[in-house]
Amino acid sequence: MVKMLRDTVRKLFDEKKVDMVIGWGEGTLPLSATPVFIENADEADTLIWDERCSNNLAVYLTKDKRHLVKSGKKIGIVVKGCDSRSLVLYAVENQIKRENLVVIGVTCDGVIDIKKVMKRTEGKEVLDLRIGDKDITVGGRGFETVVAKKEIISDFCLHCAHPDAPVHDLFIGQPRPANEKADVYKIVDDFEKLSADERWNSMVESYSKCVRCYACRNVCPSCYCNECFVDQNDPQWIGKSPEITDTLIFHMGRNMHVAGRCVECGACERACPADIDLLLLNKKIAKEISERFNYEAGLDIDEKPALASYCENEKQDFIMG
Amino acid sequence: MSEFQPKILAILCNWCSYAGADLAGVSRIQYPPNIRVVRIPCSGRVDPLFIMKSLQSGFDGVLVSGCHPGDCHYLSGNYNARRKFAVLKPMLEYVGIEPERIQFSWVSAGEGERFAQVVSKVTEDLKRVGPAKRLVKGVA
C-alpha cells in the first residue's frame, strides 16, 4: 500500500501533474502521524498510510492555509473517504476548484482514536507501536499489549458509511461500495427509544464535561467561517462560561451550521480533550437529513447541500396543520 | 394558585403572519394574551439560534409563523426555513426538549381567524406541558 502510494506520488511529480502533494508522514510520537507537504519527487518517501493517519487533510485547503488554493498551484491530496467528501463539499461551496486538485484515494478501515489506546494502557506512555492485520501491539516502559483494531478505532469510523473516497482521480487499492445505512444510524435509533428524561439527563451528563476549548470547531473541516458565532460579541449568542445551557446551545448551534455539510470524519470527537460522545448528536442530524431529503454531504459535486436547497412539495409533518 | 400562563415568543413574518395577526386584532377576534410578537422580514430570516436562545432566556415556547409554501414575498424564504426547521425540531426533541415548545405554522394575511386558532392551540399545548425547565439558563 505505502509503496504504491509513494510510487504514484513520485509519478505525479515526474509527469509534472502536481506542484505539491499533501499527505501523512511519520509523527514525532509513535501513535501519531503528521501532515506533510511534499514539493518534489524525492520527498515522496516521507509519505505513510496506516491507521494512525487520522487528520482530515482537506482542512489544509481552507482556514489559515487558504493561500495554497489561492496560489493556483496544482495540489495532490491523499484522502480517506471522509476527506474526499470534504473536498467535494469545498468544491460545491466554491472554496476550491476541482480541476486544480489531484485526489488520491486510499482504502480505509478506520483510524485510531488515541484516547481509546490511552484507556487500554491506563494512561501509560506508548513508546512502541506495531500494526498488524487485525491487531495492534503497543508497548512502553514495562508493558506490552495486543489490542484488536476494532477496539481502538474511532467511533465515527465504526459507523462510517463511505470508507473509500466516493470521488477520486487515482485510487490506491480497490474502492469498496458504501456501508448499509441501518448499521450506520443504529446508535441514533437506540437513543431515540429512551424516554425524554433519560435523553436529556444523558445529554447533560455528557456535555457538562465540555470545557469549551472549541477544539471540535477548530479541527472541523466544515467549520471555516471567518468569524464563528461563538466568537461574536454583538450579538453575543452564547455566554463565555462553560455553563450547561450555553454549552448545549454551542453544540446544537454548531451541529445546525454543519447540518447537511458534515462529512462525518470524526475529527471533532478525536480532538475532544473531555472525551464527549459527539457522535450521538451528529449522527442524528445526518440521519434526519438522509431520511428526509435523501442527501448525504460530499458525494456529488453537482448537488447543493441539503439546507441550501429545497423542494416545493416535501413532507411538512412537523408544521401545524 | 392561578393557572400556569406560558410565555410564548411568536416570530412572525412581515408579509403574511404579522398581517394575519393584525387582521385578527382589527376583527376583534379573541385569543390568549400569552404571545410576545417579534416581526421579521421573512421566516427564512429565522436562525435556529433565535429559537434556542429564546428557550434559554426563559420563554416556555416559540412559535414561528410565515407565509404558506408558494406565497413567500421573497419566493423561496419559507422553503429554506422549512428545511431548517425540519432538522431543528427533531434535534431539540432528540436532546429531550418537549416538541410542544417549538411550533411552526403557515398563516396568510387573510387568515385572522386561523391565527387566533394557532395561538390558542400553542397556548393550550404549553399549559398542558407546563413551565420550561430544560435548556433554561439558571434552571437546568
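Any read-out appearing in this document is the output of simple, stated calculations on the displayed coordinates, not a laboratory observation. Being a predicted model, the structure only gives us computed values, none of them experimental. So basically every Cβ, Gly included, is an ideal-geometry build from the backbone, and we count neighbours across all protein chains shown.
Tabulated data for the structure shown
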read-out: Amide H contacts under 5 Å for residue B:37, placed H, 5+ residues apart; value: B:10
read-out: HN-Hα J in Hz across segment A:157-172 - Karplus 6.51, -1.76, 1.60, θ = phi - 60°, x for Gly and Pro; value: 5, 5, 10, 7, 8, 10, x, 10, 2, x, 10, 7, 9, 10, 9, 9
read-out: Chain A: calculated mean residue ellipticity at 222 nm from DSSP helix runs of at least 4, using -39500 (n - 2.57); value: -9000 deg cm²/dmol
read-out: Orientation-averaged projected area, Cα convex hull of chain B (nm²); value: 8.2
read-out: Beta bridges per DSSP with both ends in the protein assembly as shown, % antiparallel, nearest 5; value: 40
read-out: Helix-only mean residue ellipticity at 222 nm for chain B, each DSSP H run of n ≥ 4 adding -39500 (n - 2.57), per residue, nearest 500; value: -12500 deg cm²/dmol
read-out: Neighbour net charge for residue A:53 - beta-carbon separation under 10 angstrom, K R +1, D E -1; value: -1
read-out: Amide H contacts of residue A:135 (H built 1.01 Å from N, under 5 Å, at least 5 apart or other chain); value: A:149
read-out: Surrounding net charge for residue B:92, when Lys and Arg each add one and Asp and Glu each subtract one, Cβ distance under 13 Å; value: +3
read-out: Cα-only Debye scattering, the protein assembly as shown: base-10 log of I(q)/I(0) at q = 0.08, 0.11 Å⁻¹; value: -0.54, -0.93
read-out: Per-residue mean of C-beta atoms belonging to partner chains within 10 Å, peptide A:305-315; value: 4
read-out: In Hz, Karplus ³J(HN,Hα) per residue of segment A:285-293 (6.51, -1.76, 1.60; θ = phi - 60°; x = Gly, Pro); value: 5, 4, 5, 4, 6, 5, 6, 6, 10
read-out: Reachable lysines from residue A:240, criterion Cα separation under 21 angstrom, eight or more residues apart if same chain; value: A:209, B:53, B:137
read-out: Charge dipole of chain B about the Cα centre (unit charges at C-beta), most positive-ward option of B:135, B:123, B:108; value: B:135
read-out: Inter-chain shielding of B:98-108 (mean C-beta neighbours from other protein chains, 10 Å cut-off); value: 2
read-out: Three semi-axes of the equivalent ellipsoid, segment A:110-159, Cα gyration tensor, whole Å, largest first; value: 19, 12, 7
read-out: ³J(HN,Hα) computed for each position of segment B:107-124 - Karplus, 6.51 cos²θ - 1.76 cosθ + 1.60, integer Hz, glycine/proline x; value: 10, 8, 5, x, 9, x, 4, 5, 4, 4, 5, 4, 5, 4, 4, 4, 4, 4
read-out: Interchain or long-range residues, amide H under 5 Å from residue A:76's placed H; value: A:19, A:20, A:21, A:22, A:102
